[in-house]
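Values in this text are rule-based calculations from the coordinates and carry no lab data. Please read all numbers here as calculations on a predicted model, not as lab measurements. Cβ placement follows ideal geometry from the backbone for every residue including glycine, while neighbour counts extend to all protein chains displayed.
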Amino acid sequence: MASRPTFTTILLVRHGVTSTTGTVLPGRAPGLHLAERGVAQAETVAQRLGELSRKPVALYVSPLERARETAAPIARALHLRAVADRGLLECDFGTWTGKKLSLLHRKSDWRTVQHAPSAFRFPEGESFSEMQQRMWKTLEKLAARHRNRTFVVVSHADPIKAAVTYALGVPLDLFQRTVISTCSVSAIAFTNTSPVVLSVNNTGSLRDLSPS
């Protein structure tokens, strides 16, 4: 007998802007909070998620402060409790953590990071492949927990980018071609067969978010 169809929707939200966004590789360093504009972004994305006709039933968040602070207004808007999950953490950038991007750009390894990330491991940190596998396994676990429902995940640019490109079947070496802006929403649906990408880097209305 054929299995019953499933359509589990994951809404992936990148945290809001911080004082170092675009200038520093913050990684997992503690103590980085949302900037004033990031707080406003979080309030706006919470309002947008509140407009969904299919209301999310759960909210999961990376344990880092900037993600938790982004999740707080979402939790209030959706009347949900934000649950931390370490599988949603930023990539572990090892000794590159906290370094200025202007300095990292000068490293010979930077070209590998941009054009052959599958071959790169951050010194004393994580590889892009490990980060992608960790993020995808976490989403699979959460999707199984909320079968045929919708839920929200608040995470970071690279893990979300890695998940979206994996769902699309894009090789990891091309994942840097995808942009995930602060407080954007990307949506992946888990079905009986293969994942379906519903939206990428959405910063507009979510009212019509549905498969065609």
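The Rg/Rh ratio of the stretch 137-183, with both radii computed over alpha carbons and Rh defined as the Kirkwood radius, is 1.00.
Quote the FRET efficiency, to the nearest 0.05, computed for Thr20 versus Ala84 with a Förster distance R0 of 22 Å and r equal to the Cβ-Cβ distance. Approximately 0.50, to the nearest 0.05. Which angle between 0 and 90 degrees, to the nearest 10, do you get for helix 36-50 versus the longest principal axis of the chain when only C-alpha atoms count? With rounding to tens, the tilt is 20 degrees. Among Gly98, Gly169, Gly16, the largest mean-square fluctuation in a Gaussian network model of the chain, built with springs joining Cα atoms closer than 10 Å, belongs to Gly169. Using the Cβ-Cβ distance between Lys141 and Ser53 with R0 = 25 Å, the FRET efficiency computed as 1/(1 + (r/R0)^6) comes to roughly 0.45.
Contour minus end-to-end for Thr193 and Ser108, with contour as 0.36 nm per residue of separation and end-to-end as the Cα-Cα distance?
Value of the extension gain: 26.5 nm.
By the scheme Lys and Arg +1, Asp and Glu -1, what is the net charge of all other residues having a beta-carbon under 13 Å from that of Met135?
Spelling it out: positives minus negatives among the neighbours equals -1.
Please give me the summed charge of the neighbours of Arg106: other residues whose Cβ is under 14 Å from its Cβ, Lys and Arg +1, Asp and Glu -1. Surrounding charge for Arg106 is +3. Hey, what angle do you get for helix 128-145 against the long axis of the chain, alpha-carbon based, 0 to 90 degrees rounded to 10? Helix 128-145 sits at roughly 20 degrees to that axis. For the chain, the longest principal axis of the alpha carbon atoms and the long axis of helix 65-78 meet at an angle near 10°. Apply the Debye scattering formula to the stretch 45-85, with a single equal point scatterer on each alpha-carbon and no solvent, then give log10 I(q)/I(0) at q = 0.14, 0.23 Å⁻¹. Log10 I(q)/I(0), no solvent term: -0.27, -0.69. Here the 3J(HN,Hα) profile of the stretch 16-27, calculated from phi with Karplus coefficients 6.51, -1.76 and 1.60 at θ = phi - 60°, is x, 5, 10, 5, 10, 4, x, 10, 10, 8, x, x Hz, Gly and Pro shown as x.
Sequence-distant contacts, meaning Cα pairs under 8 Å at least 6 residues apart, place the relative contact order of the chain at 32 percent. Let me know the shape class of the chain, please: from the alpha-carbon gyration tensor, a ≥ b ≥ c as square roots of the eigenvalues, rounded when a/c is under 1.5, otherwise prolate if a/b is greater than b/c, or oblate. Because a/c hits 1.5 or more and a/b fails to exceed b/c, the chain counts as oblate. Annotation: aspartates and glutamates with alpha-carbon distance below 19 angstrom to Lys99 (same-chain offsets under eight excluded): Glu65, Glu90, Asp109, Glu124, Glu126, Asp158.
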